[in-house]
Every structure is written in C-alpha cells, then in structure tokens.
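Report on one structure; see the data block that follows.
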Amino acid sequence: MQSKPVLETILSHRSIRKFTNQPIPSAIFNALIEAGRRTSTSNNLQCVSIIRITDPAIREGIQQASGMRYVGECAEFLLFCMDFHKHQQINPQSQLDWAEVTLIGALDTGLMAQNVLVTAESFGLGGVFIGALRNQIETVAKLVNLPSHCVPLVGLCLGYHDQDPPLKPRLPQSLMCYENHYPELDQTALANYEQEMIAYYQARSDKTFSWAETIQKALNEPVRPHILPFLQKQGFLRR
Ligand SMILES: Cc1cc2nc3c(=O)[nH]c(=O)nc-3n(C[C@H](O)[C@H](O)[C@H](O)COP(=O)(O)O)c2cc1C
C-alpha cells in the first residue's frame, strides 16, 4: 500500500464532497481504522467508538438528518462517537456528568477522526467531516441504537475524488500562532485575509462572501440549542 508522506498529505488537505463509486479496498479501510485506534487518548481512557455505516437505510437516515447529500454518495461513512458507555459499565461510580469529561471525550473524538482522515488522504482518498448530523443528533443516535453515555459527534464521508477543489485559504500564522502572550488583533492581517476569502469565493461562484460573513452565518443565532439537553439526557454536562 503506497501512502504519501505526512506533511505533504496534511498541506494538501481540502474537503472532498463528490466521489466516484469506486469502493475502498479492505486493506486500506483496515489501515484507516488502525490509524484511529493508535490515536493519543486522554488518560488512556479510549472514549471513542467508530460506527461504520453499511446499511443503506441508516445511511439514508443520516443523510436526511444532516441534510448532506454526500453522506449517501461516498464509498464509506464513519460515525465518530464520544463513548463512555463501557466506562460506566466497568465502573458505575464514574462521574461522567462533569463538563471536563465532555471536553475529554470531544477532544479524543476529534483527534481520532482527524487521524483517520489524514491517513485516508495519504492513500489518495478524499473526505469531508459531517458535523451537520448534530442538526438532528437524537435521530442519528436512535438510528444506530446508541446507549447512554454515548454521543454521535461527527461523521466522515470517505471515497475516491470526483472533484479537484482548490485549497481553502487559512488565517496567516500571525493570526493563529503567538509567542508567550496573546497579542492585539492585527487588523491589517485580518483585512488582508478578508480580501483573500472574498477572492476565493468569487473564483468559485459569483457570490461575494467573506470570513466575517462565515462567522455571522455560523454564530449569529442560537447554535443547535437542542445539544445541551441531549447531552444531559445521555448523562453528560450536568455540572
Ligand atoms: C468538525 C467538522 C465538521 C464539519 N461538518 C461539515 C458538514 O457538516 N458539512 C460539510 O459540507 N462540511 C463540513 N466540514 C468541513 C468544513 O466546512 C471545512 O473543513 C472547512 O470549510 C475548511 O475547508 P477545507 O476542509 O476544504 O479546507 C466540517 C469540518 C469539521 C472540522
């Protein structure tokens, strides 16, 4: 199995949302899950489960819950769950409802999901995360029979590319990596990034859209307010 070097893989990342119908060979698929399994994990708690969705009806359900067409079109769809169910079974005294436990679980889940995506990209596959499944998180949890203390945090569509999008510009290092102290916001660097993003969106569509508008769209209204009661119902975030 040929794979690209780590840095080359990471620096060429862009989300892929259109896939051929070529399946992923099982040796590669197994390597992806192995890469996930080797991920660093807080206190060795290993509080992440991956659910591979092969049942077309469940795929369809997650596609509808997320509103993301490519959930039904990719070769593989993986559901990454923060999972303290086994911890609760092994040790019923576990205090899983502290906010810190949710941070631990969310971090571990994100790290594992990213390891799987980077490994897939190193094999020439493409993918995109699906956070939109949290639009109907309870529906998704029911579709895959999640027990208490288990929460679907993000999905991952994987497959062979049927598109070749450009890299999406990121903030310059001066706006995301600081030395010793948090600085004043560099307004000139920020204005330059706004222009860069406007040019990026203009080149891809005739829309004028900027990073400030991305922030407004994502954060100017209640952000999935159903998440807190769902997390609490699953046994998290009560204190
Ligand atoms: C946790 C997470 C959830 C995401 N959820 C979605 C999603 O539901 N639908 C989607 O099309 N893209 C989703 N994305 C992809 C982001 O939109 C994408 O990474 C971002 O716009 C940067 O673009 P790039 O990955 O092409 O560089 C998600 C990314 C992350 C990290």
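Quick notes on this one:
- So residue 99, is it in contact (Cβ under 8 Å) with a residue 60 or more places away in the chain, within 30 Å of residue 238 (Cα to Cα), loosely packed, with under 15 Cβ neighbours inside 10 Å and hydrophobic (A, V, I, L, M, F, W, C): yes
- Residues located in the stretch 130-151, provided they are within 14 Å of the ligand (Cβ to nearest atom) and surrounded by fewer than 19 Cβ atoms within 10 Å (Cβ to Cβ): 131, 132, 135
- Looking across the stretch 33-55, the residues that are in contact with a Gly (Cβ under 9 Å, 6 or more places away or on another chain) and within 16 Å of residue 114 (Cα to Cα) come down to 42, 47, 48, 50.
- Helices (runs of 4 or more DSSP H) contained in the stretch 22-95 and holding at least 1 residues aliphatic (A, V, I, L, M) and open to solvent by less than 20 Å² (accessible area, probe 1.4 Å): 26-37, 56-66
- Given (1) more than 30 Å from residue 148 (Cβ to Cβ); (2) part of a helix (DSSP H, G or I), number of the condition residue 232 does not satisfy: (1)
- Subset of the stretch 82-137 [acidic (Asp, Glu) and closer than 16 Å to residue 36 by Cα]: 83, 108, 121
The values are calculated or read from the model by the stated rules, or taken from the named source; none is laboratory data. What you see is a predicted model; the values in this text were computed from it and never measured. Here Cβ is always computed from backbone atoms with ideal geometry, including for glycine, and neighbour counts include all displayed protein chains. Remember, those area values only see protein heavy atoms, side chains included, never the ligands or the DNA or RNA. Shrake-Rupley method; radii C 1.70, N 1.55, O 1.52, S 1.80 Å.
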